[in-house]
Amino acid sequence: MNIEQAYKIFNEIKNTIGKLEDRWGSMPEEFELNDYDSPDERFKDDMARTIVYKLDEVNRLLKWMEKPVLAEGNLFKRSDGKYEIEGADIYFTSGSPLDVWHYDEFDERYVWTRSVVEHNGEDYYIKALGRETSIEGVKVRAR
């Protein structure tokens with residue numbers, strides 16, 4: 001299967017998840033909680049909730065892939081301590097999603113990885129790179 005075929009299937013999955021959202025409401029926040037007496041019923045209920053949460057994550061990833069890239073470039077630290085993409089008026093704070101360009105030691109090549117910016121009390125870092133890694137000059141893209 002090539003990547004185009006895979007994304008065709010992903011789109012079908014996204015449409016199916018959309019139908020589930022139409023039926024249940026906002027996933028997974030409105031998924032009905034039940035208090036069953038039977039251990040087997042509780043187990044099935046717990047598994048259903050787990051599946052709904054995983055489908056929600058799949059849905060968010062597929063929506064992320066559909067977003068256009070707004071800017072790409074290296075990060076620099078602004079005077080207020082936040083990091084911004086050079087040449088773009090886009091900056092990042094805790095919880096900001098982004099794609100980071102980094103060397104994947106397992107694949108032995110550079111790859112884009114979806115990640116998020118966090119703050120450790122002293123400075124911002126990109127979760128995919130770890131807390132100790134300075135993000136000054138790191139190549140990222142914003143969607």
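The values are calculated or read from the model by the stated rules, or taken from the named source; none is laboratory data. Just so it is clear, the structure is predicted and the values come from calculations on it, not from any experiment. As a convention, Cβ positions derive from the backbone with ideal geometry for all residues, glycine included, and neighbour counts pool all protein chains shown.
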- Note on the structure: Going through the stretch 97-127 in order, the residues found to be touching a residue at least 24 places away in the same chain (Cβ under 8 Å) and either of a type in the set (G, A, S) or within 14 Å of K77 (Cβ to Cβ) (or both) are V117, H119, D123, Y124, I126
- Name, by its number, the condition in (1) surrounded by fewer than 14 Cβ atoms within 10 Å (Cβ to Cβ); (2) within 30 Å of E4 (Cα to Cα); (3) at pLDDT below 95; (4) not hydrophobic (A, V, I, L, M, F, W, C) that does not hold for Y36. (2)
- Taking the stretch 75-84 as the search range and keeping residues that are in a loop (DSSP other than H, G, I, E, B) and either polar (S, T, N, Q) or without any contact (Cβ under 8 Å) to a residue 24 or more places away in the chain (or both), which one is surrounded by the fewest Cβ atoms within 10 Å (Cβ to Cβ)? S79
- Query: If you scan the stretch 128-143, which residues turn out to be of a type in the set (G, A, S), assigned to a loop (DSSP other than H, G, I, E, B) and in contact (Cβ under 8 Å) with a residue 60 or more places away in the chain?
  - Reply: G137
- Item | Per-region count, the stretch 6-33, residues within 17 Å of the chain's Cα centre (by Cα) and either assigned to a loop (DSSP other than H, G, I, E, B) or modelled with pLDDT under 75 (or both) | 2
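Which is of a type in the set (F, W, Y), in a strand (DSSP E or B) and either touching a Pro at 6+ places or on another chain (Cβ under 8 Å) or crowded, with 18+ Cβ neighbours inside 10 Å (or both), of Y103, Y125?
On the way: Y103 fails: either touching a Pro at 6+ places or on another chain (Cβ under 8 Å) or crowded, with 18+ Cβ neighbours inside 10 Å (or both).
It is Y125.
Quick one: in the stretch 85-100, of everything that is in a loop (DSSP other than H, G, I, E, B) and among the hydrophobic types (A, V, I, L, M, F, W, C), which residue is farthest from Y125 (Cα to Cα)?
The first filter runs over the stretch 85-100 and keeps only residues in a loop (DSSP other than H, G, I, E, B), leaving 86-90, 93-96.
Now drop any that are not among the hydrophobic types (A, V, I, L, M, F, W, C), which leaves 88, 90.
Working: A88: 19, I90: 16 Å.
If we take residues in the stretch 85-100 being in a loop (DSSP other than H, G, I, E, B) and among the hydrophobic types (A, V, I, L, M, F, W, C), then A88 is farthest from Y125 (Cα to Cα).
Taking the options V58, V111, V138, V69, name whichever one is within 25 Å of E12 (Cα to Cα) and more than 14 Å from the chain's Cα centre (by Cα).
Values: V58 fails: more than 14 Å from the chain's Cα centre (by Cα); V111 fails: within 25 Å of E12 (Cα to Cα); V138 fails: within 25 Å of E12 (Cα to Cα).
Answer to the check: V69.
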